[in-house]
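Coordinate-derived values only; no laboratory data. Note that the structure is predicted; figures quoted are calculated from it, not measured. Quick reminder, even Gly has a Cβ in these numbers, built from the backbone with ideal geometry, and neighbours come from all protein chains shown.
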Amino acid sequence: MEPLFFWILAVGLVVSASALVAFRNPVTNAVCLVVALVIQAALFITLEAFFLAAVQVIVYAGAVMVLFLFVIMLLDVKEEARRTPPWVKIVGVLAVGGVAILGLTKIVPLFPFTQKTLHWGQGKGGGSAAELGKLLFTSYSPLFLATGVLLLVATVGVVVLCRKDPES
Amino acid sequence: MIFGEITLGHYLALSSLLFLIGLAGVILRRSLLIIMMSLELLLNAANLALVAVGRFQGLPDPQVAVFFVITVAAAEVALGLAILVAIFRIKKTTAADQLATLRF
């Protein structure tokens, strides 16, 4: 059962990510991105990272996607003009992709620690909000405070950047 | 062997594949908006690798790192899109190859 879930999610993730890169309409791209992010949240659940799966859906698929869609709406971005990309680029991308897929199946088994298997439910835990919170508010509390400052700076920066120039 | 039990290697391979796709998007696309979406893919690939390694090694710390990565990514998207809107106001375009003022 576990391999089945993994393969469905893996194929879905790769297909939606490739669609994001391939399609030209920005709204289609945004939909592809949201599908990829939700599939990633499902992969987090297969890795027993439940809190992160929830955060992924709320922050990425929620807040970040709304930002993207607002900017698409605001800028009224048109479809990119259809152009024939140079053959060198297409051949290069296909070659690198093919070599990567073939190479990954060969390289990954060379490292013994990648052969570890762990069934769902056998993880040591650490995926729940309580356990993450304990770490976050004890050993990582300085980083947590720094993140708060970072978000404040980002908010102020966005407001300053988006302000209309008062002199013009 | 590939289609048997799911190992840590499967997750790492999927993560590197996702990273490659995102990198292709950053290199090949011209629209700044799509480039930023591809950057999100890159960050997600890193997140997936971190969570997978953390779970298979029995460590909760990588998940805290992913938590911070998600926070920083949210700040990055907000700032990046604000810069995008500011550029669009001045240049009336978001195509990366039209913004060549600094090239010489």
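Results, tabulated for the structure shown:
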| read-out | value |
| --- | --- |
| Cut-off under 5 Å, modelled amide H: who pairs with B:Ser31 long-range | B:Ala96 |
| Gained length - A:Thr28 relative to A:Val88, 0.36 nm times residue gap less alpha-carbon distance | 19.0 nm |
| Virtual spin-label span in nm between B:Ala86 and A:Leu145, 7 Å along Cα→Cβ | 2.9 nm |
| Top positive-direction residue, dipole computed over chain B with Cβ charges, set B:Leu59, B:Ser15, B:Phe88 | B:Phe88 |
| Ranking of B:His10, A:His119 by count of other Cβ atoms within 10 Å, fewest first | A:His119, B:His10 |
| Total charge dipole magnitude, the stretch B:8-98, about the Cα centre, Cβ charges on Lys, Arg, Asp, Glu only, Debye to nearest 20 | 380 debye |
| With Cα atoms, 0 to 90° folded angle of helix B:32-57 axis to chain B main axis | 20 degrees |
| Crossing angle, helix B:61-91 versus chain B [Cα axis fit, 0-90 degrees, rounded to tens] | 10 degrees |
| Virtual paramagnetic centre 7 Å along Cα→Cβ of B:Phe68, amide N under 15 Å, in the stretch A:131-147 | A:133, A:135-147 |
| The stretch A:19-127: GluC sites (Glu not before Pro) in DSSP loop, at most 13 other beta carbons within 10 Å | A:Glu79 |
| Amide N of the stretch A:1-30 lying under 18 Å from the label point, which is placed 7 angstrom from the Cα of B:Gln98 along Cα→Cβ | A:24-27 |
| Order of A:Cys162, A:Cys32 - criterion: other Cβ atoms within 10 Å of each residue's Cβ, fewest first | A:Cys162, A:Cys32 |
| Neighbour-count order for A:Leu143, A:Leu75, fewest beta carbons within 10 angstrom listed first | A:Leu143, A:Leu75 |
| Point-to-point label distance, A:Val160-A:Thr105, nm (Cα→Cβ direction, 7 Å offset) | 5.3 nm |
